[in-house]
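Everything below concerns the one structure shown next.
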Amino acid sequence: MDQTSAPELAEDVAAALRAEDMQVLRSRCHGRAHLISTGTAPRGLAERIRPLPGVESVVDTEDALRFTGRAYQRADTVVDVAGVPIGGPAFVVVAGPCAVENRAQMSDSAHGVALAGGAILRGGAYKPRTSPYSFQGLGRAGLRLLAEQREVTGLPIITEVLDVADLDDVLEVADILQVGTRNMSNATLLRAIGRSGRPVLLKRGMAATIEEWLLAAEYILSEGNPDVVLCERGIRTFEPATRFTLDLSAVAAVRRISHLPVIVDPSHAAGRTDLVRPLALAAAAVGADGVMIDVHPDAAGALCDAGQALHPKELAELTADLGRLLTATGRVLAVPPPRAMPARPRALATEGV
């Protein structure tokens, strides 16, 4: 529907579609109403609907990718995360510890990420783990520590939401919500996040096809949230040399199929520190819009995924390498919102949670 059309016109179009035995799903996306009709379309339906008052355009397709596909939007989407763009000419570095452990760890990590050139701070307050006996995160206490570091450094925050019951708490802190690989197919959570209006990073399921990944994004967009970032994090294959197999071909394929930005998580794919740098550089070379890197000031003692975390100094070396590669391809590193980072408070570095 045209952005300036009255709501009653959308009602008239919906009624016209139902009169043709079509089911109608309504949504708002990019500031305008959309009517998605499903069913067996009678011959000439698009031609009859197109001239109705208020209709801006009709996309006649059997493709299930109604919102994520290029048929819906040719131009690339750029998602704004509290002033940091994901998509477009800038390449974003999202970094931080896999799990929030305590105040000193988060202070060291956040300052290390900021000084290394990272633009968004990551940290898991709620952690889905393979074993029920592994560290599951600090929950609300972890969210408070993330909020503290945003105040200190100015870096926007990304953290994972595991359950609809936790969504309101996470929304108080997160500038962008993360949906992890295990929840990619959680339709209830995806719909709730779509209604939240907050930017979303959607990780690919560890055994998901590209189509299944994009259809998961459809759940979010169809609820009216256009700000979705896709994240390739490796898929499960027969190869045991790495934790998962990083599918960089998916990055190139998705950029042809979809207008949504796509970033890469080489840390969780490799599961090995020594492979993070080459995989991150390869992600930039293949056209990804950014990377998500595990960073920890004491990786050997990390409570979650210790074998894949970089030290902040190693992150600084990686961002320098990325900067040189991006310059050669006409791109630049994304920078955090303009804000002077104060001196690191010693109290935050020493006080326990």
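Give, as a single signed number, the net charge of other residues whose beta carbon lies under 15 Å from the beta carbon of residue 15, with Lys and Arg counted +1 and Asp and Glu -1. Numbers along the way, then the final one.
Working: positive: 18, 26, 48; negative: 8, 11, 12, 20, 21.
Counting the neighbours of residue 15, the net charge comes to -2.
With the other protein chains left in place, how much accessible area per residue, in square angstrom, belongs to the chain at a 1.4 angstrom probe?
Per residue, the chain has 43 Å² of solvent-accessible surface.
Lys and Arg at +1, Asp and Glu at -1: add these up for the other residues within a Cβ distance under 9 Å of residue 302 and post the number.
Summing Lys and Arg as +1 and Asp and Glu as -1 gives -4.
Beta carbons within 10 angstrom, averaged per residue: use that to sort the peptides 6-13, 247-254, 287-294, highest first.
Highest-to-lowest ranking by the protection proxy: 287-294, 247-254, 6-13.
In the stretch 25-138, what percent of the accessible surface is made up of carbon and sulfur (1.4 Å probe, ligands and nucleic acids excluded)?
Roughly 53 percent of what the probe reaches on the stretch 25-138 is carbon or sulfur.
Rounded to the nearest 5, what is the percent of antiparallel bridges among the DSSP beta bridges in the stretch 179-320?
Taking every DSSP beta bridge within the stretch 179-320, about 10 percent pair in antiparallel fashion.
What percent does the relative contact order of the stretch 99-180 come to when contacts are Cα pairs within less than 8 Å and at least six residues apart?
Computed value for the stretch 99-180: 30 percent relative contact order.
Rounding to the nearest 10 and keeping the result within 0 to 90°, find how far the Cα-based axis of helix 248-257 lies from the longest principal axis of the chain.
30 degrees
Taking trypsin sites (Lys or Arg not before Pro) as exposed when DSSP calls them loop (any state but H, G, I, E, B) and at most 10 other Cβ atoms lie within 10 Å, what is the longest stretch of the chain free of them, the sites themselves excluded?
The longest such stretch corresponds to 75-353.
Over all distinct alpha-carbon pairs, what is the Kirkwood Rh of the chain in angstrom?
In the chain this quantity evaluates to 21.1 Å.
Would you please give the FRET efficiency between residue 28 and residue 256, computed as 1/(1 + (r/R0)^6) with r the Cβ-Cβ distance and R0 = 25 Å, to the nearest 0.05?
Between residue 28 and residue 256 the formula returns 0.40.
Using the Karplus curve 6.51 cos²θ - 1.76 cosθ + 1.60 with θ = phi - 60°, what ³J(HN,Hα) values do you get for each residue of the stretch 125-138, in whole Hz, with x for Gly and Pro?
Coupling constants for the stretch 125-138: 8, 10, 10, x, 10, 4, 9, x, 9, 7, 4, 9, x, 8 Hz.
For the chain, what does the helix formula give at 222 nm: sum of -39500 (n - 2.57) over DSSP H segments with n ≥ 4, over the residue count, nearest 500 deg cm²/dmol?
-10500 deg cm²/dmol
Going by a ≥ b ≥ c, the root eigenvalues of the Cα gyration tensor, does the stretch 151-245 fall in the rounded group (a/c under 1.5), the prolate group (a/b larger than b/c) or the oblate group?
Verdict is oblate for the stretch 151-245.
How far is the Cα center of the stretch 250-302 from the Cα center of the stretch 1-34, in Å?
Measuring centre to centre over Cα atoms gives 39 Å.
Report the label-to-label distance for residue 212 and residue 18 in nanometres (one decimal), using points 7 Å from each Cα along the Cα→Cβ vector.
Result for the modelled spin labels: 3.5 nm.
The values are calculated or read from the model by the stated rules, or taken from the named source; none is laboratory data. Owing to the predicted nature of the structure, the values given are computational and were not obtained by experimental measurement. Cβ atoms come from the backbone with ideal geometry, glycine included; neighbour counts cover every protein chain shown. Heads up: the accessible areas ignore ligands, DNA and RNA and are worked out on the full protein's heavy atoms, side chains in. Shrake-Rupley method; radii C 1.70, N 1.55, O 1.52, S 1.80 Å.
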